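J.: Dropping the structure in here first, questions after.
The values are calculated or read from the model by the stated rules, or taken from the named source; none is laboratory data. All values derive from a computational prediction rather than experimental measurement. When we count neighbours, we look across all protein chains shown, and the Cβ atoms used for this are built from the backbone with ideal geometry, even at glycine. Quick note on the areas: whole protein, heavy atoms, side chains included, nothing else; ligands and nucleic acids left out. Shrake-Rupley method; radii C 1.70, N 1.55, O 1.52, S 1.80 Å.
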Amino acid sequence: MAAARARLLRGVANGGGDCSRVSGLSGLSGLVAPAACRGLGGAAARARLSSACRSSSSSSSSSVSPQRRSVGTSRSFSGTAASRAAKLTTDSYPGLTRDSRFSKLTPGHVAYFKQLLGQDSAVIDGINADAAADIEPFNEDWMHKYKGQCRLVLKPGSTEDVSKILRYCNENMLAVVPQGGNTGLVGGSIPVFDEIVIGMGRMNTIHSFDDVSGSLVLDAGCILEVADQHVAQQGYVFPLDLGAKGSCHVGGNVSTNAGGLRLLRYGSLHGSVLGVEAVLPDGTVMDDMCTLRKNNTGYDLKQLFIGAEGTLGIVTKLVVQCAQRSPAVNVALFGVESYQKAQTAFREAKLQLSEILSAFELMDGTSQRLVHQVRGGTRPLEGDHPFYCLVETSGSNGEHDYEKLEKFLEHVMSNEVVADGVVAQDATQIKTLWSWREGITECIGHFGGTYKYDVSIPLPDMYLIVHDVKARLSEAGLVGDTDDHPVVDVVGYGHMGDSNLHLNIAVRRYDKEVETALEPYVYEWIEKRRGSISAEHGLGLAKKNYVGYSRNETMIGLMRQIKTLFDPNGIMNPYKYI
């Protein structure tokens, strides 16, 4: 009986997509090959491969992570959604009105910024000329859900530039929006009206790395993947990994307190960030660039900027504690028949893999079906399963890790927790398995758009919200296979190790009737279970009016006092957050 169940576990064949069946538990040792992956830890292993995050099939048509194209080219989803344009945010949110305190840009303002920044490429001027095409990538989010009316983009090259820009804007009541890689999901980096966008892309220097302590000093405009590749050369790993790593900036990651794929292993940025340099709205430079893990001398002010979404100032430089990169990495993908069994698998993974467990991701069957529908290719597992779990281990001793993983796999197979599974045998297959998780975000947007809810819910109830939301939308007649129905399907996936679910509603078009059915229902559902309406994506514009479902009046009042203390004129990223 045990041998029959074990035959379900299959190893990925050398072709990277097809699977070969093995018999008996004795065949398990041929599936797990940690030595094949030594020196290629997690994101770096995938990043070094030529076809990053693509399916093993040649029919794959889209990269996983949103990439900013050259100026003048708007980012699009693959396929039929490519021509979709966003509505102005002010049309989508008719209740918003421009703050009358803010000045309107004049040629005189633009002249000051051009004199300050010098080179023409550092200023995109839509005041004195038609620069709509060049400004478009800064005015619109990659999901085509938010669109601002910015007419001036500034690209500072130093902290001093940022200081002078903010001082001038504060004195002249010019509102600003800091913007990194623009890969956010809640409209936090997109202007609403005519705010000045301050793009941080030119500030991308890696200043130093201590290969003994692991402290990395770098500019806020550094791309996450570049930072990780830099420390990888010294045997370290950046403590954050996410699907948009090829585009997002570390300053944006810190400003939104991004969680990512390996928070289970390395914790949140509140613990990883040792130091912050930030420019306050009046131009004051806050230098808290401590490179030490212990500094117990007064209020830890840098923590206010982690997750503040650019509402208190602009993060310009960081000190990040990097961990030793694990030389032995294994990735397995399982199919399970119920959410209860997924919870059991997670509990057993924590118990048996403990210190080498680096990721435990949950994906429902609908998400994997849609990825396959959009991208094609050969699926890692035969047949359909209600749920899939991607497990990654990383450690320093390949033989030790193999022994622990073998024991775990044998246990969950023999106890019928796992129905089917594959284990990557080399770096290419690691990349392929991860692509089925990291490809979800873009693939489900292929149909026209996505309503995204990034939430934290106690594990026993975490997936129940997907059933309830789909039932609600179906009862309203909004879900179907034809263009008459705005909703394609409802999917759930995310970081099971963090109780963090990504509830996504794939739609053919953004529709007011869908929004009315979703909000505030989703937030009320979460409040009843004492969850959080934002686990890692932030508040931005999308969730500003709903923060009360996760924070009480006292907490919100204190946050507003902090905002007023740092930014009394309200010029920093207005209309959002709280």
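J.: Going by average Cβ density within 10 Å per residue, which order do the peptides 363-369, 96-102 take, highest to lowest? Provide the component values of the computation, followed by the final result.
T.: Values: 363-369: 21.6, 96-102: 13.1.
The peptides rank, most packed first, as 363-369, 96-102.
J.: Going Cα to Cα from LYS302, which aspartates and glutamates come in below 20 Å? Please leave out same-chain ones fewer than 8 positions away.
T.: Leaving aside aspartates and glutamates fewer than 8 places away in the same chain, those within reach of LYS302 are GLU160, ASP219, GLU277, ASP282, ASP287, ASP288, GLU536, ASP567.
J.: In what sequence, highest mean first, do 137-147, 396-406 appear when ranked by Cβ atoms within 10 angstrom? Kindly include the intermediate steps, with their values, before the conclusion.
T.: Numbers: 137-147: 23.5, 396-406: 17.2.
Packing order, densest peptide first, comes out as 137-147, 396-406.
J.: Average projected area of the Cα convex hull of segment 96-199, in nm²?
T.: Numbers: hull surface 26.0 nm².
Result: a mean projected hull area of 6.5 nm².
J.: OK, next. Give me the compactness ratio for segment 287-384, meaning the Cα radius of gyration over 2.2 N^0.38 Å.
T.: Working: Rg = 20.9 Å, N = 98, 2.2 N^0.38 = 12.6 Å.
That ratio works out to 1.66.
J.: Note down the net charge around LYS470, summing +1 for each Lys or Arg and -1 for each Asp or Glu among other residues with Cβ under 11 Å from its Cβ.
T.: Numbers: positive: ARG472; negative: ASP364, ASP468, GLU475, ASP489.
Net local charge, LYS470 excluded: -3.
J.: Right, something else. Could you calculate the contour length gain from ARG347 to ARG98, that is, 0.36 nm times the residue separation minus the distance between their Cα atoms, to one decimal place in nm?
T.: Details: separation 249, 0.36 × 249 = 89.64 nm, distance 5.02 nm.
Computed gain between ARG347 and ARG98 is 84.6 nm.
J.: How much area per residue is accessible in segment 447-537 when the probe is 1.4 Å and only protein heavy atoms are counted (Å²)? Could the numbers behind the result be given before it?
T.: Details: 3500 Å² over 91 residues.
Per-residue value: 38 Å².
J.: If you bin every alpha carbon distance in segment 253-302 into 10 Å steps from zero, what whole percent lands in each bin?
T.: 21, 46, 28, 4
J.: Report the calculated FRET efficiency for LYS544 and GLU382 (r = Cβ-Cβ distance, R0 = 56 Å), to the nearest 0.05. Provide the component values of the computation, followed by the final result.
T.: Details: r = 45 Å, r/R0 = 0.81.
It comes to 0.80.
J.: So for the pair ASP211, MET173, with labels modelled 7 Å out along Cα→Cβ, what separation do we get in nm?
T.: 5.5 nm
J.: How high is the FRET efficiency between ASN296 and SER338 when r is their beta carbon distance and R₀ equals 60 Å, given to the nearest 0.05? Please report the intermediate quantities before stating the final value.
T.: Values: r = 47 Å, r/R0 = 0.78.
FRET efficiency, ASN296 to SER338: 0.80.
J.: Something else: Can you list residues from other chains, or at least 5 along the same chain, whose modelled amide H is less than 5 Å from the amide H of LEU274?
T.: Placed amide hydrogens put VAL319, VAL320, GLN321 under 5 Å from LEU274.
J.: Report, to the nearest whole %, how much of the accessible area of segment 96-199 belongs to carbon and sulfur atoms, 1.4 Å probe, protein only.
T.: Values: 1750 of 3800 Å².
Result for segment 96-199: 46 percent of the exposed heavy-atom area is carbon or sulfur.
J.: Provide the gained length on full extension for the span ILE562 to LYS407, in nm with one decimal, where the gain is 0.36 nm per separating residue minus the Cα-Cα distance.
T.: Details: separation 155, 0.36 × 155 = 55.80 nm, distance 5.12 nm.
So the extension gain works out to 50.7 nm.
J.: What fraction of the DSSP beta bridges in the chain is antiparallel, stated in percent and rounded to the nearest 5? Before the final figure, lay out each step's value.
T.: Working: 68 of 79 bridges.
Close to 85 percent.
J.: Once the piece of chain linking LYS87 and ARG551 is laid out straight, how much longer is it, given 0.36 nm per residue of separation minus the C-alpha distance between them? Working shown, then result.
T.: Working: separation 464, 0.36 × 464 = 167.04 nm, distance 3.04 nm.
This chain segment gains 164.0 nm when fully extended.
J.: Next up: For segment 332-478, count the residues as N, evaluate 2.2 N^0.38 Å, and divide the Cα radius of gyration by that value, please.
T.: Its radius of gyration relative to the 2.2 N^0.38 Å reference: 1.11.
J.: For segment 460-564, divide the Cα radius of gyration by the Kirkwood radius and give the resulting Rg/Rh value with two decimals.
T.: Numbers: Rg = 15.3 Å, Rh = 15.1 Å.
Rg/Rh for segment 460-564 comes to 1.01.
J.: Straight-line reach from LYS114: which lysines have Cα under 19 Å away, leaving out those fewer than 8 places along the same chain?
T.: Partners within reach: LYS104, LYS155, LYS164.
J.: Listed highest first by mean packing, meaning other Cβ atoms within 10 Å per residue, what order do 379-389, 489-499 come in?
T.: On the way: 379-389: 19.3, 489-499: 23.3.
Going by the mean number of other Cβ atoms within 10 Å, highest first, we get 489-499, 379-389.
J.: Next up: Just the number, please: carbon plus sulfur as a percent of the accessible area of segment 406-448, 1.4 Å probe, no ligands or DNA/RNA counted. Let's see the in-between values first.
T.: Values: 390 of 980 Å².
In segment 406-448, the share of accessible area belonging to carbon and sulfur is 39 percent.
J.: Treating the beta-carbon of each Lys and Arg as +1 and of each Asp and Glu as -1, no other charges, what is the dipole magnitude of segment 327-446 about its Cα centre, to the nearest 20 debye? Intermediate values should be presented prior to the final figure.
T.: Working: 10 positive and 18 negative charges, 64 e Å.
It works out to roughly 300 debye.
J.: What are the semi-axes of the equivalent ellipsoid for the chain, taken as the square roots of 5 times the Cα gyration tensor eigenvalues, largest first, in whole Å?
T.: Values: eigenvalues 323, 149, 95 Å².
Output for the chain: semi-axes of 40, 27, 22 Å.
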